[in-house]
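The values are calculated or read from the model by the stated rules, or taken from the named source; none is laboratory data. Bear in mind the structure is a predicted one, so any value in this text is a computation, not a measurement. Neighbour counts are summed over all protein chains in view; Cβ atoms, including those assigned to glycine, are modelled from backbone coordinates with ideal geometry.
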Amino acid sequence: AQSVTQLDSQVPVFEEAPVELRCNYSSSVSVYLFWYVQYPNQGLQLLLKYLSGSTLVKGINGFEAEFNKSQTSFHLRKPSVHISDTAEYFCAVSPPLGGYQKVTFGTGTKLQVIP
Amino acid sequence: NAGVMQNPRHLVRRRGQEARLRCSPMKGHSHVYWYRQLPEEGLKFMVYLQKENIIDESGMPKERFSAEFPKEGPSILRIQQVVRGDSAAYFCASSPAGSRGDYEQYFGPGTRLTVT
């Protein structure tokens, strides 16, 4: 079984400042790693994913994340945030089951960008 | 190409009634997933279906909950005799068939179920 921990439930940050949203996971097997964003009253949208290969993953909207196997972390970063980045962000993991994903989500981090 | 459609968006049921949630996957997608999001929690996997088959229902409560994905029509998540604890947002996701499981899941906007 796997689990995901997002320690920060809310992160306020000023516009144009950098931000890091933390994610740690636990799993006895190798996993795929994801970050999703959820805007109010909408479904989740994939920001980026790590399957294998380079540990630095670039996603949409200027976000990137780095997979650190030794620290079992997959932190999300953006060098300069915009008001439109205000949303809830979910880190997620899935074991490679061969044909489908059984995704486990963290509890989410609400990013509030302050003008 | 329309995204994943879910209806209704909001559903209010009294305790003991049945709730039926519908999910139409993206065109060309044959895999459907259902997730439940309780207040202040992350999404929890419930069930994974392919056309006419339940592949993995390990996240589904053993009683009152059922899911189907018929050959024609949307996927249905059914909750019988709802209780207040069933109040949550239910999300459906779809993906194309793939042998490696590394494709993206596309999420619908969710159905918010309120049990009074």
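Condition check ((1) over 20 Å from B:S95 (Cα atoms); (2) without any contact (Cβ under 8 Å) to a residue 40 or more places away in the chain; (3) touching a strand residue (DSSP E or B) at 6+ places or on another chain (Cβ under 6 Å)) across all residues:
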residue	(1), (2), (3)
B:N7	no, no, yes
B:V12	yes, no, yes
B:E18	yes, no, no
B:R22	no, no, yes
B:M26	no, no, yes
B:W34	no, no, yes
B:L38	yes, no, yes
B:L43	no, no, yes
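Kindly indicate whether any position in region B:81-92 is touching a Gly at 6+ places or on another chain (Cβ under 9 Å) and among the polar types (S, T, N, Q).
At the first step, the residues of region B:81-92 found to be touching a Gly at 6+ places or on another chain (Cβ under 9 Å) are B:81-83, B:89-92.
Keeping just the survivors that are among the polar types (S, T, N, Q) gives B:81.
Taking every residue of region B:81-92 in turn, at least one turns out to be touching a Gly at 6+ places or on another chain (Cβ under 9 Å) and among the polar types (S, T, N, Q).
Run down A:S80, A:S27, A:S94 and say which single residue is in contact with a Pro (Cβ under 9 Å, 6 or more places away or on another chain), among the hydroxyl-bearing types (S, T, Y) and under 30 Å from B:D56 (Cα atoms). Let's see the steps before the verdict.
Numbers: A:S80 fails: under 30 Å from B:D56 (Cα atoms); A:S94 fails: in contact with a Pro (Cβ under 9 Å, 6 or more places away or on another chain).
None of the other options fit; the residue is A:S27.
Do we have B:R22 as part of a loop (DSSP other than H, G, I, E, B) and at pLDDT 95 or above here?
The answer is no for B:R22.
Residue under question is B:G3, and the condition is that it be part of a loop (DSSP other than H, G, I, E, B) and in contact (Cβ under 8 Å) with a residue 40 or more places away in the chain; does it hold?
Values: part of a loop (DSSP other than H, G, I, E, B): yes; in contact (Cβ under 8 Å) with a residue 40 or more places away in the chain: yes.
So B:G3 passes the test.
Within region A:63-88, restricting attention to residues that are surrounded by fewer than 14 Cβ atoms within 10 Å (Cβ to Cβ) and small (G, A, S), which residue is farthest from A:G108 (Cα to Cα)?
Taking region A:63-88 as the starting set, the residues that turn out to be surrounded by fewer than 14 Cβ atoms within 10 Å (Cβ to Cβ) are A:68-71, A:79-80, A:82-84.
Checking which are small (G, A, S) leaves us with A:70, A:80, A:84.
Values: A:S70: 23, A:S80: 20, A:S84: 18 Å.
Selected residue: A:S70.
With the condition being surrounded by 14 or more Cβ atoms within 10 Å (Cβ to Cβ), within 10 Å of the chain's Cα centre (by Cα) and in contact (Cβ under 8 Å) with a residue 60 or more places away in the chain, I'd like the strands (runs of 3 or more DSSP E) fully within region A:1-60 carrying at least 3 qualifying residues.
Working: elements: A:3-5, A:10-14, A:19-21, A:24-26, A:32-38, A:44-50, A:56-58.
Ranges flagged: A:32-38.
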Hey, A:L76 closer than 19 Å to A:E16 by Cβ, at pLDDT 90 or above and either within 11 Å of the chain's Cα centre (by Cα) or not aromatic (F, W, Y) (or both) or not: yes
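Considering only residues of region A:89-110 that are within 14 Å of the chain's Cα centre (by Cα) and surrounded by fewer than 21 Cβ atoms within 10 Å (Cβ to Cβ), which is farthest from the other protein chains (Cβ to nearest Cβ)?
Applying the first criterion (within 14 Å of the chain's Cα centre (by Cα)) to region A:89-110 yields A:89-94, A:103-110.
Retained after the next criterion (residues that are surrounded by fewer than 21 Cβ atoms within 10 Å (Cβ to Cβ)): A:107, A:110.
Working: A:T107: 5, A:K110: 11 Å.
Among those that are within 14 Å of the chain's Cα centre (by Cα) and surrounded by fewer than 21 Cβ atoms within 10 Å (Cβ to Cβ), it is A:K110.
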Test: residue in region B:107-116 that is in contact (Cβ under 8 Å) with a residue 24 or more places away in the chain, within 12 Å of chain A (Cβ to nearest Cβ), over 16 Å from the mean Cα position of the chain (by Cα) and surrounded by 13 or more Cβ atoms within 10 Å (Cβ to Cβ): no
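Taking region B:25-49 as the search range and keeping residues that are hydroxyl-bearing (S, T, Y) and either in contact with a helix residue (DSSP H, G or I) (Cβ under 9 Å, 6 or more places away or on another chain) or closer than 20 Å to A:Q38 by Cβ (or both), which one is surrounded by the fewest Cβ atoms within 10 Å (Cβ to Cβ)? Show your work before the answer.
So in region B:25-49, the residues hydroxyl-bearing (S, T, Y) come out as B:30, B:33, B:35, B:48.
From what is left, the residues that are either in contact with a helix residue (DSSP H, G or I) (Cβ under 9 Å, 6 or more places away or on another chain) or closer than 20 Å to A:Q38 by Cβ (or both) are B:33, B:35.
Working: B:Y33: 29, B:Y35: 24.
Here the residue is B:Y35.
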Any hit, region A:50-66, residues being closer than 25 Å to B:S94 by Cα and of a type in the set (D, E, K, R): yes
Complete set of residues in region B:28-77 that are away from chain A (no Cβ under 11 Å), in a strand (DSSP E or B) and more than 9 Å from the chain's Cα centre (by Cα): B:N53, B:I54, B:F65, B:S66, B:E68
